[in-house]
1. Can you find, within region 42-84, the residue that is modelled with the highest pLDDT among those that are in contact with a helix residue (DSSP H, G or I) (Cβ under 8 Å, 6 or more places away or on another chain), in a loop (DSSP other than H, G, I, E, B) and open to solvent by 40 Å² or more (accessible area, probe 1.4 Å)?
2. Determine, yes or no, whether residue 151 is of a type in the set (Lys, Arg), open to solvent by 20 Å² or more (accessible area, probe 1.4 Å) and within 25 Å of residue 45 (Cα to Cα).
3. Going through region 61-80 one residue at a time, which ones are touching a residue at least 24 places away in the same chain (Cβ under 8 Å) and in contact with a strand residue (DSSP E or B) (Cβ under 9 Å, 6 or more places away or on another chain)?
4. I'd like the full set of residues that are assigned to a loop (DSSP other than H, G, I, E, B) and crowded, with 19+ Cβ neighbours inside 10 Å, limited to region 123-135.
5. Just give me the residues in region 95-122 being open to solvent by 70 Å² or more (accessible area, probe 1.4 Å) and either over 17 Å from residue 55 (Cα atoms) or in a strand (DSSP E or B) (or both), in sequence order.
6. I'm told residue 159 meets every condition in (1) assigned to a loop (DSSP other than H, G, I, E, B); (2) more than 15 Å from residue 48 (Cβ to Cβ); (3) in contact with a Lys or Arg (Cβ under 7 Å, 6 or more places away or on another chain) except one. Can you identify the failing condition by its number?
Amino acid sequence: MVINNYANYSSAEQGYIYLWTLFAVALAGVVLAGVGPMWQIESQQEKERELLFVGDQFRRAIESYYNNSSGKAKRYPESLEQLLEDRSSLVIRRHLRKVFLDPMTNGFDWGLIKQSDTGITGVYSQSTGIPIKRANFPEHYSAFSEAKSYKDWKFVHAGGAASGTGSRQSKTPKSGSSNTAPTNPFASGQAPAGPSPFSQNQPASGASPFTQNPE
C-alpha cells in the first residue's frame, strides 16, 4: 500500500515538473522573441555610427590629399591606397591610417566616387540596407536624411562632384600607419582627438547628433 502511494506521488511530482519545464521553455521563447528584434536594431545603429566615423575619415583623408597635392593643379588620389602613402612629393605623407572595413558589408568593397578623370573624391558603402537614422546629421551630411539605402550615404570632399559613381574598391588593403590613430567620436566613453565636423549643429544640450534614438 505504501509502495503504491509513493508511486502515485512520484508520478504526480514528475507531472508538475514537466508542466513547469514547458512553462519555462515557453516563457524563454517569448522573452527571446522580444529581445531579438531589439538587439538587431541596436546592432544596426552601432554599425551606422561606425560607418559615419570611417566614412568621415575617408573624406578627411581625401581632402588632406587634395590640399597637399604638389603643383599648380590640385589632384585627387587614384586609389585608396594612395591615402596611406602619398609619394607625390619628396616627403611621404600619410593621410589615412588604414583602409577601413565597411561595417555594413563587413568587407573592403567600397564604392568610389570620381570627378571626371581627376581621381577619387569620395566613398560610399555598397550596402543596400535601409538606414534607421533619419535625422540629426551634420550640415554637410544633411542629404543622408533622405537616403533610400546606405549607398546614398556618400562621403565626398566638398570640392569634388558626386558624379561618376561606378567604380569599386575590392582589393585587400595594404597596412599603413599614421602619427596618431583617429579616435571614434561615436564610441561611448571616448572624445574626438581633435576638432570634428560632427560637433556642428548639435542640440543645445550638447548631446551627440548620432544618438540611438533615430527619428
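The values are calculated or read from the model by the stated rules, or taken from the named source; none is laboratory data. Worth saying up front: this structure is predicted, and the values here are computed from it rather than measured. Heads up, the Cβs are rebuilt from the backbone with ideal geometry, glycines too, and the neighbour counts pull from every protein chain shown. These area figures cover heavy atoms from the full protein model, side chains too; ligands, DNA and RNA do not enter into them. Shrake-Rupley method; radii C 1.70, N 1.55, O 1.52, S 1.80 Å.
1. The qualifying residue modelled with the highest pLDDT is 75.
2. Details: of a type in the set (Lys, Arg): yes; open to solvent by 20 Å² or more (accessible area, probe 1.4 Å): yes; within 25 Å of residue 45 (Cα to Cα): yes.
So residue 151 fits the description; yes.
3. Within region 61-80, 62, 64, 65, 66, 68, 76, 77, 78, 79, 80 meet the criteria.
4. Step one: of region 123-135, the residues assigned to a loop (DSSP other than H, G, I, E, B) are 125-135.
Result: 125, 127, 131, 133.
5. Answer for region 95-122, where residues must be open to solvent by 70 Å² or more (accessible area, probe 1.4 Å) and either over 17 Å from residue 55 (Cα atoms) or in a strand (DSSP E or B) (or both): 116, 117.
6. So residue 159 meets the others, but not (3).
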